[in-house]
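The values are calculated or read from the model by the stated rules, or taken from the named source; none is laboratory data. In this text the structure is predicted, and so the values were computed from the model without any measurement. Glycine gets a Cβ as well: all are built from the backbone with ideal geometry, and neighbour counts include every protein chain shown. Only protein heavy atoms, including side chains, enter the accessible area calculation; ligands, DNA and RNA are left aside. Shrake-Rupley method; radii C 1.70, N 1.55, O 1.52, S 1.80 Å.
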Amino acid sequence: MELVTPAIGLVFWMLVTFSLLLVILKKFAWSPILTSIKEREETIDNALSQAQQARDEMAKLQSQNENLLAEARAERDAMLREAREMKDKIVSEAKSTADEEAKKLIVRANDEINKQKQAAMQELKKEVASFSVQIAEKLVSAELEKSDKQQQLIEAQLAEFTQN
Amino acid sequence: MAANHAEAEGEVEHESETKFEPGKMILEHIGDSHDWHLWGHTSISLPVIAYSPEQGLKIFSSSRFEHGHAAYDGLMLHEGHLVWEDEGCTDGLYDLSITKNVLAMLVASVFLLIMMLRTASSYRKNKGMAPKGFLNVLEPLILFLRDDVAKPSIGKKADRYMPLILTVFFFIFINNLFGLVPIFPGGANVTGNIAVTMVLALVVFITVTLASNKYYWKHIFVPDVPVWMYPIIIPIEILGVILKPFVLMLRLFANITAGHIIILGFFSLIFIFGAMSPALGYAVSPLSVAFTLFMSLLELLVAFLQAFVFTLLTSIYIGMAVEEHH
């Protein structure tokens with residue numbers, strides 16, 4: 001029974017000691033210890049999250065770089081394609097212009113040829129006409145020179161005309 | 001204060017020494033006393049502080065009693081208790097002596113205080129750095145108590161009760177460990193003393209009551225059961241409020257006292273068998289020492305375990321008191 005009977009003296013000293021212990025430890029030990037532990041935890045957390053952030057940033061930068069590279073590559077391809085197209089266009093344009101020019105030249109040459117032909121024909125016609133006239137002249141004059149009959153005819157005619 | 005009382009003890013001591021009474025020896029060891037027995041007939045006399053409303057405060061060394069053989073200033077020791085010399089009773093007498101347990105508790109408290117203050121200062125010194133040296137031992141304990149004991153049971157308000165939880169844990173733990181050290185200033189059965197555990201339980205009870213919110217009391221006085229069950233449930237709930245700290249008190253007391261008793265019991269075997277025949281005593285002693293060693297190691301575990309259990313239950317009770325309604 002004595003074992004389970006609390007002694008007043010021990011209760012008293014225990015109360016005093018424990019209360020003092022609690023107050024002193026709380027103020028001078030637990031608070032600083034718990035605060036520093038918490039601070040350190042926060043520091044570690046911050047460091048970790050910052051590292052994570054840096055890693056994310058790196059990844060972002062990397063992907064950005066990749067994007068940039070891809071873009072540059074695409075741009076280069078586009079430029080090359082454009083250049084090729086331009087070249088093709090220029091060549092084809094040049095070709096078509098040359099064709100047209102050639103066609104025009106041919107047409108003009110044809111025209112010229114036709115004109116020349118026409119002129120020549122005209123000339124020829126004129127020549128032929130004058131030749132014909134000359135031939136006729138020659139024929140007529142020859143006829144007239146050859147016989148007096150024509151003279152008699154003209155005189156007969158004139159006589160008839162005067163009787164009337 | 002250490003004195004050799006071999007002369008004064010004389011016959012009586014001799015008589016009791018020849019007849020070994022293990023029960024008496026064990027109870028003496030786990031109980032409290034006004035002087036601290038070191039070895040043989042050497043003991044430390046502790047100060048006696050007695051207060052009575054009529055005669056005021058009396059402070060003197062317990063060596064004045066000459067181990068219960070003499071009276072001093074109207075007071076004497078009867079079976080280790082301070083009583084009035086003339087009446088042999090304790091009416092109106094308050095024994096506030098620095099007894100063995102009080103001294104052991106004070107020594108342990110000073111030890112705890114120095115240890116923790118030094119820890120705190122070393123935290124201040126390498127602020128924000130990794131823990132060094134002894135901090136590596138203490139910090140896991142503190143973190144364990146904070147993250148695995150207090151936070152899961154109390155929740156958001158855990159930080160407010162951390163100082164109490166830490167103090168209770170380390171107080172019990174240090175005193176348990178000191179109790180296992182067989183030489184001065186260890187060996188006292190502080191945490192196995194009902195007065196000490198009663199005060200600890202009282203502190204828990206007061207804390208829980210002060211921490212409690214309306215839901216805690218609603219749960220007790222307006223429980224979630226049909227009204228006709230109120231006459232059964234409400235007394236049980238009220239009893240539970242008292243019973244919780246009461247069980248805390250008994251568990252620590254019983255565990256630590258039992259540990260001391262077992263260890264002393266195994267040691268007593270040597271002398272019990274030795275009384276039958278010296279040869280038997282010698283034969284039994286290795287076995288007895290082995291058992292004692294085993295029990296001491298077990299008690300090391302119990303020292304931590306009981307401090308942990310007390311702290312865990314304390315935080316669970318606080319958690320129940322501050323729990324918000326859901």
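For B:M295, the accessible area of its heavy atoms, probed at 1.4 Å with every protein chain present, is near 20 square angstrom. With a cap of 13 neighbouring Cβ atoms within 10 Å, and only residues DSSP puts in a loop, list the trypsin sites (Lys or Arg not before Pro) found in segment B:128-233. Loop-located and lightly packed - B:K132. At what distance in angstrom do the alpha carbon centres of segment A:56-100 and segment B:238-266 lie from each other? So the separation of the two Cα centres works out to 88 Å. Within segment B:177-326, the ratio Rg/Rh, alpha carbon atoms throughout and Rh by Kirkwood, equals 1.20.
Solvent-accessible area of B:F267, all protein chains in place: 90 Å² (probe radius 1.4 Å, heavy atoms, ligands and nucleic acids excluded).
Taking amide hydrogens as placed 1.01 Å from N in the peptide plane, the amide H of B:L75 sits under 5 Å from those of B:E85, each at least 5 positions away in sequence or on another chain.
Computed 3J(HN,Hα) for segment A:27-34, one whole-Hz value per residue from the Karplus formula 6.51 cos²θ - 1.76 cosθ + 1.60 where θ = phi - 60°, is 6, 9, 10, 5, 4, x, 5, 5, glycine and proline marked x. Evaluating kT/(6 pi eta Rh) at 25 °C and 0.890 mPa s, with the Kirkwood radius of chain B over Cα pairs in the Stokes-Einstein relation, gives 107 µm² s⁻¹.
Taken over the protein assembly as shown, the alpha-carbon convex hull comes to 438 cubic angstrom per residue. The charge dipole of the protein assembly as shown, taken about its Cα centre with unit charges on the Cβ atoms of Lys, Arg (+1), Asp and Glu (-1) only, comes to about 1420 debye. Largest accessible area first, the listed residues B:V181, B:V102 line up as B:V181, B:V102 when surface is computed with a 1.4 Å probe on the assembled protein chains. When nucleic acids and ligands are ignored and a 1.4 Å probe is applied, B:M25 ends up with an accessible area of around 40 Å². Here the Karplus relation 6.51 cos²θ - 1.76 cosθ + 1.60, evaluated at θ = phi - 60°, turns the backbone of segment B:175-190 into coupling constants of 5, 4, 5, 4, x, 7, 6, x, 9, 3, x, x, x, 6, 9, 5 Hz, with x for every Gly and Pro. For chain A, the alpha-carbon coordinates run over 206, 36, 29 Å along the three principal axes, in decreasing order.
The magnitude of the dipole of chain A, with charges of +1 and -1 set on the Cβ of Lys/Arg and Asp/Glu and taken from the Cα centre, is near 680 debye. Solvent-accessible surface of protein heavy atoms, probed at 1.4 angstrom with all chains present, puts A:K26, A:K117, B:K125 in the order B:K125, A:K117, A:K26, largest first. For B:Y94, the residues whose modelled amide H falls within less than 5 Å of its own, excluding neighbours fewer than 5 places apart on the same chain, are B:Y51, B:S52. In a simple Cβ point-charge model (Lys, Arg +1; Asp, Glu -1; nothing else charged), segment B:100-322 has a dipole of about 760 debye relative to its Cα centre. Extending 7 Å from the Cα toward the beta-carbon at both A:A83 and A:K60 defines two label points whose distance is 3.6 nm.
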